[in-house]
Every structure is written in structure tokens, then in C-alpha cells.
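Structure, as C-alpha cells:
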């Protein structure tokens, strides 16, 4: 069970996906075939998901560029902005589980600089918990 006032989120980005009826080698989960061969679809997005470990609530953000440290911090900020004001006020600490990918590494100065900016903006401490250890 989560400690009072501590938000624990697990976060992960996935591979780039084409937007529209394009995917899985032309197959889809419905009755229709995807249009992978259609030359009109060039739009691609990267999904990044966050799960609230206490409630199981899922927050997904889509970005149009590769999964970068800026995209990761923007996703955390979007999750924060989506929270109710009372929930924000009751939050004393944010813990985020992230993988040790190059975009979220604790050695990546851009990622750390953006995290510090976000912590300053929301006036809450943020702890990054890396997995696997």
C-alpha cells in the first residue's frame, strides 16, 4: 500500500506505431485489413504509458518524435496537470519507476535538468527509481 502523500508511477515508452489503418503486417484485431501498402500514411507516434501503482489507473501520452528525455518529462507533466487540485495538494513526493534506457538514464544531463525544472515547477520532490536494478 502506498504511503500517505506518495505517488508511485511506473513509466515506459514503446516502439513507434503508424497512425491509421496500418499495423501488424496488414492484420488488425477487427474484421478489416490494415492498409500497410497505402502510400498516404506517413504519420507515426510513440506511446508512453504511466500506471499509478496504488489505483492501477493508466495514463497514455502519444508523441510524434522519438522517445526522448523531453518526451518523458512532458508525459510526467501532462499526468500531473490531469490530476485534481486536491490530489496535487495532498501529494508530498512523486516516485517514478523507469527503465535504464539512454533517454531516461540518471547520467543523462538533459533528462535530469528537465526533471529538476519540473520538480521546481510543481514544487514537489521527484525520485527516479530505475529497473532492473
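Where a number appears in this text, it was derived from the coordinates with a stated rule and is not lab data. Given the structure is predicted, the values throughout are model-derived calculations rather than measurements. All Cβ positions, glycine included, derive from the backbone under ideal geometry; neighbour counts span all protein chains shown.
Give me 70, 12 sorted ascending by neighbouring Cβ count inside 10 Å, so fewest comes first. Each step should come with its number before you reach the end.
Details: 70 14, 12 17.
Fewest to most other Cβ atoms nearby, the residues stand as 70, 12.
Give the order of 126, 72 when sorted by the count of other beta carbons within 10 angstrom, beginning with the fewest. List each step's numbers first, then the result.
On the way: 126 17, 72 26.
By the 10 Å Cβ count, ascending: 126, 72.
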